[in-house]
Amino acid sequence: MIVLSMCFSSCLKKGDDTLVLPVPDGKIPYYVIPARLQDSLRTHGFEIYEGIEPPFIEGTYLASPMELQYASDDYSNHFYDLTLHFASQFRRGMLRYCESQTDTVMGQSTVASVIGKGNNFTMYCLQNISNLDNQGDTLFRCRTATVVSGTIEAGGIRNCQYTNIVLDKWAVNDYYEMQLADINSYRIWKDGDSLSVKLAK
């Protein structure tokens, strides 16, 4: 499955006796998603919930059916159901995130964090995604920014939205190149029944 096993990193500053984490400002950093792309996401209906007091979102959720809300590259194909998993959430907003969809693509995050306030949250991460053949050779790879937004409640995530922005890409040939979106393009998806159900442990 598209198992995007997540690890996260943060800038650590060395003091004389301690390591100090940077103070979060409750926004998606521009090095993750540039300002113009964040503005474009908002313009096309994607909610970015800012704030330094996000809700506790740990758990596994099923977003189904996934419906296309907007595609900057005019993409219109079907999108498989998506399983979202959040774990090890820290007060400063760092957490572990992974998702599964199909059985051919693997990815690993370099940043995973959650922002928001009240019951509203936005999780963002950078991912390195690759597709391998049966011999383990890379067919394509890309670097993306992934964002999940919604309102947490007892039964799951209300009004869950998902977007994936292509930041960089490479493919072994034209066939696989055509499967990848253009750099800086993005697609916005939403859960068609308005609730991504929380799955039992």
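The values are calculated or read from the model by the stated rules, or taken from the named source; none is laboratory data. Model, not experiment: these values are computed from the prediction. Note: areas computed on protein heavy atoms with side chains; ligands, DNA, RNA excluded. Shrake-Rupley method; radii C 1.70, N 1.55, O 1.52, S 1.80 Å.
A few notes on this one:
- Normalised by 2.2 N^0.38 Å, where N counts its residues, the alpha-carbon radius of gyration of the range 37-90 equals 1.42.
- Portion, in percent, of the accessible area of the range 115-198 that falls on carbon or sulfur, probe 1.4 Å: 44 percent
- The range 18-172, relative contact order [Cα under 8 Å, separation at least 6], %: 20 percent
- Of the whole protein surface, GLU50 contributes about 80 Å² of accessible area at a 1.4 Å probe radius.
- Computed from backbone phi, the HN-Hα couplings of the range 31-37 come to 6, 8, 9, x, 4, 5, 6 Hz, rounded to whole numbers (Karplus: 6.51 cos²θ - 1.76 cosθ + 1.60, θ = phi - 60°; Gly and Pro given as x).
- Rounded accessible area of TYR31 (nearest 10 Å², 1.4 Å probe): 150 Å²
- For the range 144-150, 3J(HN,Hα) computed residue by residue from phi via the Karplus equation (6.51, -1.76, 1.60; θ = phi - 60°) reads 10, 10, 10, 9, 10, 10, x Hz, glycine and proline entered as x.
- Per-residue accessible area (protein heavy atoms, 1.4 Å probe) orders LYS201, LYS169, LYS117 as LYS201, LYS117, LYS169, starting from the largest.
- Value of D in µm² per second that Stokes-Einstein yields for the range 44-201, Kirkwood Rh from Cα pairs, at 25 °C (0.890 mPa s): 152 µm²/s
- Extended-chain gain in nm, criterion 0.36 nm per residue less alpha-carbon gap, PHE79 and GLU47: 9.5 nm
- For ASP133, the accessible area of its heavy atoms, probed at 1.4 Å with every protein chain present, is near 50 square angstrom.
- Subtracting the Cα-Cα distance of LYS27 and GLU58 from 0.36 nm times their residue separation leaves 9.2 nm of extension gain.
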